[in-house]
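The structure under discussion appears below in the form of structure tokens.
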Amino acid sequence: MVKGNDLDNLISEKQIEPRIKSIETKHGDIYDCVNIYEQPSLKHPSLKDHTIEMRPSNKVRDILAKIHSKKLPPGFRYAKIELDEECPQGTIPILRVTHNDIPGNVSNLNKPQFSTLQSNGGLEFAGLLTKTTPDKRYHSTVTNIDVYNPKVGPGQYSSASVAVEAGDGPNFNQIQVGWIVNPDLYGDTRTHWFMQWTVRCFNLNCGGFVQTNTQVPIGGAIDKVSKYSTYDQVVLRFGLLQDTSKVGGKWLVVYNDNIDPIGYWPATEFKELVEGADTLKWGGYVFTQPGDNTYPPMGSGHFDDGVYERTCFMNQIEYTDSNFSLQSPTDVQIIMSEPYLVGDNSYKGDTQGYSFCFGGAP
């Protein structure tokens, strides 16, 4: 087994075959384990000759240790987003994209993994955001997100996510990570985890994100979700952490209680987020196409204020600002529009931490 500096040397020398293993899920999705330097993002001109940074700094690892010291409340469990098998060291799982013009049903590493979405239409949000304060910057945020599988129609999606934002207008930068049900994006009605950044970059349909995790496929499906009106809740703990150990720190995606990030965006990918986020956002989104007067449910599709086994929620919400100590929100703005509501937002002790519930149905 290759370990430590030997792994870094192996990766830096790019000596790994482009595809050395394939993993098929029970749903028929095929993931190819490919050379980490053959991942689609590195074909983008902005990442030409980029040297992959496999391990976060000690500062980030210390923050992760504090985050992971917080156990889930009784009856809660993490959603599984890893493949059943791990790709060999130095490779990462990439979804096999099939097209009629590609012989042999092989991986197309030069084509985006998923199609982009319409940027217009009806988009509704219900959740919390920090009040923007001049000169105040945030360098991380983390939360547990209750996972559901709301029913959506063609041209619609329903999601729940945590986001970091900075700037406005043409200079607006955003990173979102969470779960989503979107048939147009994935070709099914399952719940998937997702990333989105800038305007319409979902998962791997834009260059910029550098994947380092050997077992978590970008945008993979989540098999088991929370059930309405039960105490057996399934959550995803997602965090966005900026590693400021170097000038212009990169943004990492971390999940559940895993110490190894899924990957990161290099500092070169953002202008406004380089110095940190000026706004943090937590909540749910629903989207429908222009001219469609119907909207999908958000979260569990129900809103019973404070009843967490019936209403989608986020808990153990924390962030770091310039002092890099984990804090709970103290001054937030509530955004909602009928019939998508927000409630019960407060700090509730060490077990739940800062939490709130959100969602509803049209």
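Can you name every residue in segment 53-102 that is of a type in the set (Asp, Glu) and modelled with pLDDT of 90 or more?
Going through segment 53-102, the residues of a type in the set (Asp, Glu) turn out to be 53, 62, 82, 84-86, 101.
Correct list: Glu53, Asp62, Glu82, Asp84, Glu85, Glu86.
Of the residues making up segment 159-213, those that are modelled with pLDDT of 95 or more, more than 13 Å from the chain's Cα centre (by Cα) and under 16 Å from Ile262 (Cα atoms) number 3.
Mind checking which strands (runs of 3 or more DSSP E) fall wholly inside segment 271-343 and carry at least 1 residues that are crowded, with 20+ Cβ neighbours inside 10 Å and of a type in the set (Phe, Trp, Tyr)? Break it down into steps so the answer makes sense when it comes.
Details: elements: 279-288, 313-320, 332-335.
The qualifying strands (runs of 3 or more DSSP E) are 279-288, 313-320.
In the set Val225, Val286, Val234, only one residue is in contact with a Leu (Cβ under 8 Å, 6 or more places away or on another chain) and over 22 Å from Leu204 (Cβ atoms); that residue is Val286.
One line per residue, one yes/no per condition, for (1) within 24 Å of Glu275 (Cβ to Cβ); (2) among the aromatic types (Phe, Trp, Tyr); (3) touching an Asp or Glu at 6+ places or on another chain (Cβ under 8 Å); (4) assigned to a strand (DSSP E or B):
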| site | (1), (2), (3), (4) |
| --- | --- |
| Ser158 | no, no, no, yes |
| Val162 | yes, no, no, yes |
| Val177 | yes, no, no, yes |
| Val216 | no, no, yes, no |
| Val225 | no, no, no, no |
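In segment 228-257, how many residues are over 18 Å from Met314 (Cβ atoms) and among the charged types (D, E, K, R)? So the answer is 3. Within segment 238-268, the set of residues being charged (D, E, K, R), open to solvent by 10 Å² or more (accessible area, probe 1.4 Å) and within 18 Å of the chain's Cα centre (by Cα) comprises Lys250, Asp257, Asp260. In segment 198-212, is there at least one residue being out of contact with any Gly (no Cβ under 6 Å at 6 or more places or on another chain) and within 19 Å of Glu318 (Cβ to Cβ)? Within segment 198-212, not a single residue is out of contact with any Gly (no Cβ under 6 Å at 6 or more places or on another chain) and within 19 Å of Glu318 (Cβ to Cβ).
The values are calculated or read from the model by the stated rules, or taken from the named source; none is laboratory data. Everything quoted here is computed from the prediction, not taken from an experiment. Here the Cβ is made from the backbone with ideal geometry for all residues, glycine too, and neighbour counts use every protein chain on show. Accessible surface is based on the protein model in full, side chains and every heavy atom, while ligands, DNA and RNA are left aside. Shrake-Rupley method; radii C 1.70, N 1.55, O 1.52, S 1.80 Å.
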